[in-house]
1. Considering (1) open to solvent by less than 20 Å² (accessible area, probe 1.4 Å); (2) assigned to a strand (DSSP E or B); (3) over 27 Å from residue 154 (Cα atoms); (4) touching a His at 6+ places or on another chain (Cβ under 9 Å), say which one residue 9 fails and leave the rest.
2. Of (1) without any contact (Cβ under 8 Å) to a residue 12 or more places away in the chain; (2) on the phi < 0 side of the Ramachandran plot, residue 50 satisfies all except one. Which?
3. For residues that are assigned to a helix (DSSP H, G or I) and of a type in the set (S, T, N, Q), scanning just the range 291-319, find the one that is farthest from residue 26 (Cα to Cα).
4. Does the range 204-235 hold any residues that are aliphatic (A, V, I, L, M), modelled with pLDDT of 85 or more and open to solvent by less than 20 Å² (accessible area, probe 1.4 Å), and which are they?
5. Somewhere in the range 98-107, is a residue open to solvent by less than 10 Å² (accessible area, probe 1.4 Å) and more than 25 Å from residue 63 (Cα to Cα)?
6. Go through the range 34-47 residue by residue and tally those that are free of Cβ contacts under 8 Å to residues at least 60 places away in the same chain, open to solvent by 10 Å² or more (accessible area, probe 1.4 Å) and either polar (S, T, N, Q) or assigned to a loop (DSSP other than H, G, I, E, B) (or both).
7. Which numbered condition in (1) under 17 Å from residue 95 (Cβ atoms); (2) in contact with a helix residue (DSSP H, G or I) (Cβ under 7 Å, 6 or more places away or on another chain); (3) open to solvent by less than 40 Å² (accessible area, probe 1.4 Å) is the only one that residue 117 fails?
8. Is it true that residue 194 is in a helix (DSSP H, G or I), β-branched (Val, Ile, Thr) and touching a residue at least 40 places away in the same chain (Cβ under 8 Å)?
Amino acid sequence: MRTIPTLLDTRDLYEARTRVAVSYCPHEITVARRPMDLHVVQTEAVLGEVAVHQLSYGAAVDIEPTPLGSWVLVSAPLRGALTIRSGRTERTLTVGDSVAIDSYRPFSLSWEAGCLLQTIRVPQHLVREAGDTAGVSSGGAVRFGLGGPTTPGASRSWRALVALARQEAIEGGRFTRSPLLTSQLTRMLASALVDTYPVVDADEGGRPGSVLPRGLRRAMELVEHEPEADLSVAVLAAAASSSPRALQEGFRKHLDMTPMEFVRGVRMARAHEELARADPHSGTNVAQIASRWGFGHLGRFARDYRRRYGQLPSTTLRT
């Protein structure tokens, strides 16, 4: 049996923050108690567009993430406990519990010192496709509550499917060697996710404060769907059916960033994805990809990219 690759093994807080951000999203991390116990270990198993991570911090930590962007995460403690907060809702997860987190929900996390968390990362576009097929999407998006699986049977099926994906990735099984099988399994995971976890209709409720305002979501969805378009505050405000000033206030209040910072963040993520996929021997270079995503100043792009992903874009292109 092959061993799962270790992405990170460090006691350095800065390295942990920058490297973990590559897998999930930029975030702030604070060691709540006993910083000398910090020992961050992260593993990764990748199957097509899906990745299964296991992450532990060793110490108790508090995490304040930015919006997830292109992913839906399903997290489950394998050891210890984790508390997730969103608006007025708070839920503590222990072994046997799990939660689906979408990119429309501001949230924060508190880890117990002994928590080992397994998270499967599913591309948002696959979840959106599954939601459309199941008829549960709202405004082109699928939004999840903070509840656990809807039934014990659905929970068992979901765990079995995640275990299969992880094992195939680790072993290099048939699913990893056939693009068709890989695509079928990853789409099956997205469909199972939608079938297993409670979907919130934002227009008809959900809990107070559990989802972002509708207009703000529409602006975010436009950026996610068309990041290469000519997006200005006026264009985003029109999509949100609000004034530019109201849109800016909404982004600042709910996301702690400006609309254009959000646009740049999504474009940076797409540039990162393209750099990771590109063949460095094909003649593709960092400047071409940066320019394609609207980053005209290469030095500034490299600086911001390193701050977010913990390495230079040229390093991502070569690996």
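The values are calculated or read from the model by the stated rules, or taken from the named source; none is laboratory data. Fair warning: this is a prediction, and the values are worked out from it, not measured in the lab. As a convention, Cβ positions derive from the backbone with ideal geometry for all residues, glycine included, and neighbour counts pool all protein chains shown. Remember, those area values only see protein heavy atoms, side chains included, never the ligands or the DNA or RNA. Shrake-Rupley method; radii C 1.70, N 1.55, O 1.52, S 1.80 Å.
1. Result: residue 9 fails condition (1) only.
2. (1)
3. Ranking the qualifying residues of the range 291-319, first place goes to 291.
4. Filtering the range 204-235 for residues aliphatic (A, V, I, L, M) gives 211-212, 216, 219-220, 222-223, 229, 231, 233-235.
Going one step further and asking which of them are modelled with pLDDT of 85 or more, we end up with 219, 222-223, 229, 231, 233-235.
Within the range 204-235, 219, 223, 231 qualify.
5. No, the conditions are met nowhere in the range 98-107.
6. Of the residues in the range 34-47, 2 are free of Cβ contacts under 8 Å to residues at least 60 places away in the same chain, open to solvent by 10 Å² or more (accessible area, probe 1.4 Å) and either polar (S, T, N, Q) or assigned to a loop (DSSP other than H, G, I, E, B) (or both).
7. Here residue 117 clears every test but (2).
8. Details: in a helix (DSSP H, G or I): yes; β-branched (Val, Ile, Thr): yes; touching a residue at least 40 places away in the same chain (Cβ under 8 Å): yes.
Yes, satisfied.
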